[in-house]
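Trainee: My questions will all concern the structure given below.
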Amino acid sequence: MLILLLTLLPIAAQAQQWGVVNLSVAHLREQPDYDKEMGDEALMGSVVEILEKESYWLKVRTGEPYTAWVNEMGITIMDRADVDRYISQTKYIVTCDYSNVFERPDASSKRLSDLVAGDLLRIRMSSDGRTPVRKRKFLGVTLPDGREGFVPEKDMENFSKWVSRQSPTTDNIIRTAERFLGVPYLWGGTSIKGVDCSGLTRCAFYLNGLLIQRNASQQARAGVAVDTTGVLGGDFHALKKADLLFFGNPSSGKVTHVGIYLGDGRFIHSSQVVRINSLRKTDPDYYPSSPRLLQIRRFIGYQDKGYGIVSLRRDENYFPKK
């Protein structure tokens, strides 16, 4: 009976706990069961706060923040001291769309985990504690749960160095978004395996070193507003590449969809699949007027200025406090 009660108690009633995602992509559900709606995803290496436990499900809060349930096997549980040490450790970031962690420096060896773009893994050091393990064009890594393996060297970069040289220009945001073309729409998806509309925008910014909030309605409150006068009539001069276009119900003002402006009246978005459409009614690939374009927000150039766009380097879930 005591074990059952402890299982059902909120984590806070026992001791505050944290965790690190241990799967390439962890599915976060609105309720603790597999047949419940998926609301978000979290990538390997990201830090979450654990709020509650029910059976083999953990209720977690991500850094976005987003609160949902995830299978306990997808999380390596830590206390605050452990998670602080984890954050301070050097890491690699996966920079290609897909990769794998192998048991040995050999692609024919046993696979320990799959990987997707944006996943983080700790750098495995040699016995001298100073040199990263590297064998036959494979890099040694340590997964969040402590397992050790190897990833093809071409698929990763040093996370700190990668972040320091990121240049979130409009062209880079667009180039990243176009990597997702043809990827199927997935409600709650925020990875190359499948994305919803706001998942695509979040991925495009994250893979350029910027963090934005999860949902389209949240993103519509970030950045700065762009005057939409004339846009619906076909005048796109006020728009800049990588502006976010928000669609929804004009009667209620509720935002239900988001895309990234490409220029010349065209935009990329996840609708059935990630695709490119036009804002011009005369174009054959015109995006239907329902939902209607409600507002436009500009993000590039407004990071770290209180507009809801934060550089990865400044986020305490990725780098130690300064």
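The values are calculated or read from the model by the stated rules, or taken from the named source; none is laboratory data. Since this is a predicted model, take the numbers as computed values, not measurements. Quick reminder, even Gly has a Cβ in these numbers, built from the backbone with ideal geometry, and neighbours come from all protein chains shown.
Trainee: State yes or no: is D145 assigned to a strand (DSSP E or B), closer than 30 Å to D33 by Cβ and not hydrophobic (A, V, I, L, M, F, W, C)?
Mentor: Spelling it out, it is not the case that D145 is assigned to a strand (DSSP E or B), closer than 30 Å to D33 by Cβ and not hydrophobic (A, V, I, L, M, F, W, C).
Trainee: Report yes if G234 is of a type in the set (G, A, S), in a loop (DSSP other than H, G, I, E, B) and over 30 Å from P132 (Cβ atoms), otherwise no.
Mentor: yes
Trainee: Take the conditions surrounded by fewer than 17 Cβ atoms within 10 Å (Cβ to Cβ) and hydroxyl-bearing (S, T, Y) and apply them to T169. Does it pass?
Mentor: Criteria met by T169.
Trainee: Mind checking which residues of segment 101-116 are surrounded by 15 or more Cβ atoms within 10 Å (Cβ to Cβ) and closer than 21 Å to I75 by Cβ?
Mentor: V101, L112, S113, D114, L115, V116
Trainee: Working only within segment 194-208, note down all residues that are in a loop (DSSP other than H, G, I, E, B) and within 16 Å of A42 (Cα to Cα).
Mentor: D196, L207
Trainee: Select from segment 256-286 the residues that are in a loop (DSSP other than H, G, I, E, B) and under 17 Å from G230 (Cα atoms) and list them in ascending order.
Mentor: The answer is D264, G265, L279, R280, K281, T282.
Okay, residues lined up against (1) touching a Phe, Trp or Tyr at 6+ places or on another chain (Cβ under 9 Å); (2) buried (at least 23 other Cβ atoms within 10 Å of the Cβ):
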{"position": "M125", "(1), (2)": "no, no"}
{"position": "V151", "(1), (2)": "yes, yes"}
{"position": "W187", "(1), (2)": "no, no"}
{"position": "D196", "(1), (2)": "yes, yes"}
{"position": "L200", "(1), (2)": "yes, yes"}
{"position": "A204", "(1), (2)": "yes, yes"}
{"position": "Q218", "(1), (2)": "no, no"}
{"position": "A222", "(1), (2)": "yes, no"}
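Trainee: Checking the condition under 16 Å from I268 (Cα atoms), in contact with a Gly (Cβ under 6 Å, 6 or more places away or on another chain) and of a type in the set (A, V, I, L, M, F, W, C), which residue from V163, V133, V183, V195 passes?
Mentor: V195
Trainee: If you don't mind, another one. Given the residues T282, T256, which is the only one that is surrounded by 12 or more Cβ atoms within 10 Å (Cβ to Cβ) and either more than 24 Å from D171 (Cα to Cα) or at pLDDT below 95 (or both)?
Mentor: Going through T282, T256 in turn, just one is surrounded by 12 or more Cβ atoms within 10 Å (Cβ to Cβ) and either more than 24 Å from D171 (Cα to Cα) or at pLDDT below 95 (or both): T256.
Trainee: If you don't mind, there's one more thing I want to ask. When you go through T76, T62, T67 one by one, which is the residue that is among the β-branched types (V, I, T), without any contact (Cβ under 8 Å) to a residue 24 or more places away in the chain and touching a strand residue (DSSP E or B) at 6+ places or on another chain (Cβ under 7 Å)?
Mentor: T67
Trainee: Let me ask something additional. Which residue pairs have Cβ atoms closer than 8 Å, lie 6 or more positions apart in sequence or on different chains, and pair a first residue in segment 19-33 that is farther than 16 Å from K53 by Cβ and at pLDDT 95 or above with a second residue that is among the acidic types (D, E) and crowded, with 22+ Cβ neighbours inside 10 Å?
Mentor: Pairs that qualify, where the first residue is farther than 16 Å from K53 by Cβ and at pLDDT 95 or above and the partner is among the acidic types (D, E) and crowded, with 22+ Cβ neighbours inside 10 Å, are S24/D119; V25/E41; H27/E41.
Trainee: Within the bounds of segment 128-140, is there any residue that is among the hydrophobic types (A, V, I, L, M, F, W, C) and either within 22 Å of I75 (Cβ to Cβ) or out of contact with any Asp or Glu (no Cβ under 9 Å at 6 or more places or on another chain) (or both)?
Mentor: No; the residues of segment 128-140 include none that is among the hydrophobic types (A, V, I, L, M, F, W, C) and either within 22 Å of I75 (Cβ to Cβ) or out of contact with any Asp or Glu (no Cβ under 9 Å at 6 or more places or on another chain) (or both).
Trainee: Out of segment 107-130, which residues are in contact with a strand residue (DSSP E or B) (Cβ under 8 Å, 6 or more places away or on another chain) and assigned to a loop (DSSP other than H, G, I, E, B)?
Mentor: Listed by number, the residues that qualify are A107, S109, K110, A117, G118, D119, R124, S126.
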